[in-house]
Amino acid sequence: QLQLVESGGGLVQAGGSLRLSCAASGRTFSNYIMGWFRQAPVKEREFVARITWSARNTYYTDSVKGRFTISRENAKNTVYLQMNSLKPEDTAVYYCAASVVGGMSKDNYDSWGQGTQVTVSS
């Protein structure tokens, strides 16, 4: 498994931007599909975005398409989530995760970070 550490969360006004980072260690980072998930209070953890090992393919949940961008730098063992035009409904704890199979199900991901809080005020 990879060890994952997120950073970059915080408090931002609606319409603002944040960039989350996730630093990986422990295994060969480039072997893994990387994903971002989020969990709001009293809600299930939901898929946000994922990126293949080569960064050639990305996929987003509909609610963030056109606003969020996932990227990775394999040389730095880091995956990013650039979040623009933030909305109050984006408020959640954001987690990065690693998988060898990918997809949208959190059950496919076996390495998780501790999460970083994103709060968007109206």
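The values are calculated or read from the model by the stated rules, or taken from the named source; none is laboratory data. Source: prediction; values computed, not measured. Here the Cβ positions follow ideal geometry from the backbone for every residue, glycine too, while neighbour counts run over all protein chains shown. Protein only, heavy atoms only, side chains kept; ligands, DNA and RNA dropped before computing areas. Shrake-Rupley method; radii C 1.70, N 1.55, O 1.52, S 1.80 Å.
Table for the structure above
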item: Residue count for the stretch 42-60, restricted to those that are in a loop (DSSP other than H, G, I, E, B) and either within 15 Å of LEU86 (Cβ to Cβ) or among the hydrophobic types (A, V, I, L, M, F, W, C) (or both); result: 3
item: Selected residue [touching a helix residue (DSSP H, G or I) at 6+ places or on another chain (Cβ under 8 Å) and among the β-branched types (Val, Ile, Thr)] from VAL93, VAL79, VAL64, VAL42; result: VAL64
item: Residue within the stretch 60-75 that is open to solvent by less than 20 Å² (accessible area, probe 1.4 Å) and either in contact with a Lys or Arg (Cβ under 6 Å, 6 or more places away or on another chain) or small (Gly, Ala, Ser) (or both) present; result: no
item: Answer residue from the stretch 25-41, given it is part of a strand (DSSP E or B) and surrounded by fewer than 18 Cβ atoms within 10 Å (Cβ to Cβ) and is farthest from the chain's Cα centre (by Cα) among those; result: SER25
item: Tabulated pairs, the stretch 70-82, first outside any strand (DSSP E or B), second buried (at least 22 other Cβ atoms within 10 Å of the Cβ), C-beta under 8 angstrom, 6+ apart or interchain; result: ASN74/PHE29; ASN77/ALA24; ASN77/PHE29
item: The stretch 1-23, subset modelled with pLDDT of 95 or more and in contact with a Phe, Trp or Tyr (Cβ under 8 Å, 6 or more places away or on another chain), residue farthest from SER122 (Cα to Cα); result: LEU4
